[in-house]
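Structure, as structure tokens:
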Amino acid sequence: MGRKIVVIGSGAAGMTAASAARETDNEAQVTLFTEEEHIAYSPCAIPFVLEGKIKDFPSIVMHDPDFYKKNRNILVRTETPVTSIDGDSKTLSLFDGEIVKYDSLILATGGKVFVPPIEGTNLPGVFPVRTISDGISIKEAMKDAKCAVVAGAGVIGLEMAIALKRAGLDVTVIEMFSQVIPRICDQDIAEMVKVYCESLGIRFILGTPIGSLCGENKISHVMAGDEKILCDMVIMATGVRANLDLPNSLGLDISPLGAVRVSATLQPYKRGRLVPSIYLAGDVISCESAAVPGPTMSQLGSTAVRQGRVAGINAAGGYATFPPVLSPWISQIGDMQIAGTGISSGLAAYYGLDVVSGHASGSTRARYYPGGKSLMVKLIADRETHRIIGAQMAGGEDLNGRINWISAAILKDVTAEEFVTSFENAYCPPTSMVKDVVNIAAEDLVKRWKN
Ligand SMILES: Cc1cc2nc3c(=O)[nH]c(=O)nc-3n(C[C@H](O)[C@H](O)[C@H](O)COP(=O)(O)OP(=O)(O)OC[C@H]3O[C@@H](n4cnc5c(N)ncnc54)[C@H](O)[C@@H]3O)c2cc1C
């Protein structure tokens, strides 16, 4: 009888972990439990289904439980919440009282939408956005709605605002901070995104927390400061918190950022001591930052997949470690892309770092090549060591490769000067200028120490 590996969670982290465990140990019994009806889909696609860029929700589901059974010999049990775990007897209890034994356990229970403690959040017409089921409910509500409020101007809030606007609704975005994308983006880049969204008719109320959500039997308006905003629906895009229900019941150590603290092997600690046979991955954990010393949250699908692989390998008796992260991110906001990596100037100030930034703007293609889109790049370096520690950019196309290129440089501890002279990139006229806007921003950065 093979090792019993149990995975809890069918998001990016859990599905990847189950597959990696199977690849590592062909004899193991791999079972995955999830509360959800749908598995193996990317929540990142929800705004684009609602925007009409993707045909429908079934299109974003990659595989069903039958696929995993037939092709990977993984048993997936949907709509089966795990209610508790007993680490001593290595058992877990399911919602119906069934007890399941494990040899290795992978907790990939993800995150929950943070709902601020204000009045009216449970009124009909108020929606979190996290799962396909949320997406289906939102799509249904959009059919009759004329105006919507999006609470929170992070990237998910903005992607949702675009989707609602393009479906013909009047949209107001309310944000407690004084800029959009407040946690990870600097004001100068954020302002470009806001101006673009405003050009599409989206209205912003910034620097004002939502006071309450109001209505008799259904949402009718939102109060923000002194303003009353009429609406037929509200999208709560107010942030994500690690889902700590099961980790807390096991007494696992929680990092100062409010997620499970793990080792490089993705094992948790209990009162400072490593817990054997349990591994975690995805939005439920904090990890080490590669930009600054200390922990960070990297609640991204791309991170969840890489962590899931490490957790799956280790749970199956292999050995892998998860390194510090920069958390490169990218978002498509209408026809505009915005991306970042490492830390922003705002976060650097929070960490007490003195930084210098270089800027450049230009085209995504050679100036003479038709169809080029505008591109603005900002590079951030530590003033003392000249090491690049962050970047942000906004433009019309192809930001992915550029932000990945800079991320690779940051992970190599490259200075601004080294980036200009040594950090290679590919070129042809339809894909960039011969000196890319990123190179020009790096040259501008180098000049900052000379002035
Ligand atoms: C609208 C939206 C857009 C996004 N866009 C991007 C993007 O463009 N790029 C990007 O990198 N990231 C994006 N993200 C973030 C990304 O989707 C998440 O970081 C990623 O899905 C986290 O994966 P996870 O497996 O850790 O958690 P989740 O996907 O949250 O999965 C957790 C799973 O655990 C299950 N579960 C929890 N508790 C129990 C229990 N007790 N019993 C059984 N099952 C349980 C849940 O049912 C769920 O299946 C987006 C997220 C959203 C919501």
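The values are calculated or read from the model by the stated rules, or taken from the named source; none is laboratory data. All values derive from a computational prediction rather than experimental measurement. Note: ideal-geometry Cβ built from the backbone for every residue, glycine included; neighbour counts use all protein chains shown. Quick note on the areas: whole protein, heavy atoms, side chains included, nothing else; ligands and nucleic acids left out. Shrake-Rupley method; radii C 1.70, N 1.55, O 1.52, S 1.80 Å.
List of remarks:
This table checks each residue for (1) closer than 20 Å to I5 by Cβ; (2) open to solvent by 30 Å² or more (accessible area, probe 1.4 Å); (3) touching a residue at least 24 places away in the same chain (Cβ under 8 Å); (4) within 17 Å of the chain's Cα centre (by Cα).
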{"residue": "I254", "(1), (2), (3), (4)": "no, yes, no, no"}
{"residue": "S263", "(1), (2), (3), (4)": "yes, no, no, no"}
{"residue": "R273", "(1), (2), (3), (4)": "no, yes, no, no"}
{"residue": "P276", "(1), (2), (3), (4)": "yes, yes, no, no"}
{"residue": "D283", "(1), (2), (3), (4)": "no, no, yes, yes"}
{"residue": "P293", "(1), (2), (3), (4)": "no, yes, no, no"}
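- Boolean, D86 is without any contact (Cβ under 8 Å) to a residue 24 or more places away in the chain, on the phi < 0 side of the Ramachandran plot, within 16 Å of the ligand (Cβ to nearest atom) and in the same structural domain as T303 (by TED's automatic domain parsing): yes
For (1) within 15 Å of P47 (Cβ to Cβ); (2) under 23 Å from the mean Cα position of the chain (by Cα); (3) surrounded by fewer than 18 Cβ atoms within 10 Å (Cβ to Cβ), each residue gets a yes or a no:
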| position | (1), (2), (3) |
| --- | --- |
| G120 | no, no, no |
| A161 | yes, yes, no |
| E175 | no, yes, no |
| E191 | no, yes, yes |
| G211 | no, no, yes |
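- Residue in segment 62-82 that is in a strand (DSSP E or B), modelled with pLDDT of 95 or more, away from the ligand (no atom under 14 Å from the Cβ) and exposed (fewer than 13 other Cβ atoms within 10 Å of the Cβ) present: no
- Filtering segment 208-234 to residues that are among the small types (G, A, S) and either part of a loop (DSSP other than H, G, I, E, B) or closer than 18 Å to K146 by Cβ (or both) leaves G215, S220, G225.
- Contact annotation: residue pairs with Cβ atoms under 8 Å, 6 or more positions apart or on different chains, pairing a residue in segment 28-54 that is farther than 21 Å from D66 by Cα with a partner that is away from the ligand (no atom under 12 Å from the Cβ) and of a type in the set (D, E), are V49/D56.
- Segment 332-431 holds strands (runs of 3 or more DSSP E) entirely within its bounds, and those carrying 2 or more residues that are open to solvent by less than 10 Å² (accessible area, probe 1.4 Å), among the aliphatic types (A, V, I, L, M) and out of contact with any Leu (no Cβ under 8 Å at 6 or more places or on another chain) map to 374-382.
- Each residue in segment 111-129 was checked for being out of contact with any helix residue (DSSP H, G or I) (no Cβ under 7 Å at 6 or more places or on another chain) and outside any strand (DSSP E or B), and 10 of them qualify.
- Residues that are open to solvent by less than 30 Å² (accessible area, probe 1.4 Å) and more than 29 Å from the chain's Cα centre (by Cα) were ranked within segment 94-118; the one that is farthest from the ligand (Cβ to nearest atom) is Y102.
- Qualifying residue in segment 235-249 (condition: outside any strand (DSSP E or B), in the same structural domain as L300 (by TED's automatic domain parsing) and without any contact (Cβ under 8 Å) to a residue 24 or more places away in the chain): yes
- Within segment 1-50, the set of residues being near the ligand (Cβ under 6 Å from one of its atoms), surrounded by fewer than 24 Cβ atoms within 10 Å (Cβ to Cβ) and assigned to a helix (DSSP H, G or I) comprises P43, C44.
- Top-ranked residue of segment 130-150 - restricted to ones that are assigned to a loop (DSSP other than H, G, I, E, B) and in contact with a Leu (Cβ under 9 Å, 6 or more places away or on another chain), ranked as surrounded by the most Cβ atoms within 10 Å (Cβ to Cβ): A145
- Some residue of segment 392-405 being touching a Pro at 6+ places or on another chain (Cβ under 7 Å), of a type outside the set (K, R) and in the same structural domain as A339 (by TED's automatic domain parsing): yes
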